[in-house]
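**Student:** Here's a structure for you.
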Amino acid sequence: MSLLRSYRALSKNARLGFGVGLMAWGFIGLTWSDSVGEKLGIIPDEKEKKDLERLKPSITVVERGQ
C-alpha cells in the first residue's frame, strides 16, 4: 500500500490532526532553531555565511521594451 493511499485511508479527524501536527512541527523548527543552535554552540562563522551568500540565486529585473 502506498503512502498516499495510507494517508487517504485515515479518518478526517486523523488527517486534520496529522496536518496540524506537521504545521506545528515546522513552526517550532522555524522559531526555535536559532536559539537552540546558539545554546549548542553551532553558530555559522563568516566563511559559512559567505559560502551561502555565493550559492544564493540572484534575480535580475529586465524592463520590457514597448
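A short reminder: the numbers here are calculations on the coordinates, not readings from a lab. Everything numeric here is computed off the predicted structure, so don't read it as measured data. Virtual Cβ from ideal backbone geometry, glycine too; neighbours counted across all protein chains shown.
**Student:** When the Cα atoms of the stretch 3-55 are enclosed in a convex hull and the volume is divided per residue, what value in Å³ results? Don't skip to the answer; put the middle values down first.
**Tutor:** Numbers: hull volume 6.7 nm³, N = 53.
Convex hull volume per residue, Cα atoms: 126 Å³.
**Student:** On to the next question. Please compute the length gained on full extension between E48 and S2, using 0.36 nm multiplied by the number of residues separating them and subtracting their Cα-Cα distance.
**Tutor:** On the way: separation 46, 0.36 × 46 = 16.56 nm, distance 3.95 nm.
Length gained between E48 and S2: 12.6 nm.
**Student:** Are there any trypsin sites (Lys or Arg not before Pro) in the chain that are in a DSSP loop and have at most 12 other Cβ atoms within 10 Å? List them by number.
**Tutor:** Numbers: sites: R5, R8, K12, R15, K39, K47, K49, K50, R54, R64; in loops: R64.
Here the trypsin sites (Lys or Arg not before Pro) that fit, given the DSSP loop and packing criteria, are R64.
**Student:** Could you derive backbone 3J(HN,Hα) for the stretch 41-47 from the dihedral phi with the Karplus parameters 6.51, -1.76 and 1.60 (θ = phi - 60°), listing whole Hz in sequence and x where the residue is Gly or Pro?
**Tutor:** x, 10, 9, x, 8, 5, 5
**Student:** Another question, if that's okay. Filter the GluC sites (Glu not before Pro) in the chain down to the DSSP loop ones having no more than 12 other Cβ atoms within 10 Å, then list what survives.
**Tutor:** Of the GluC sites (Glu not before Pro), the ones in loops of the chain whose Cβ has at most 12 other Cβ atoms within 10 Å are E63.
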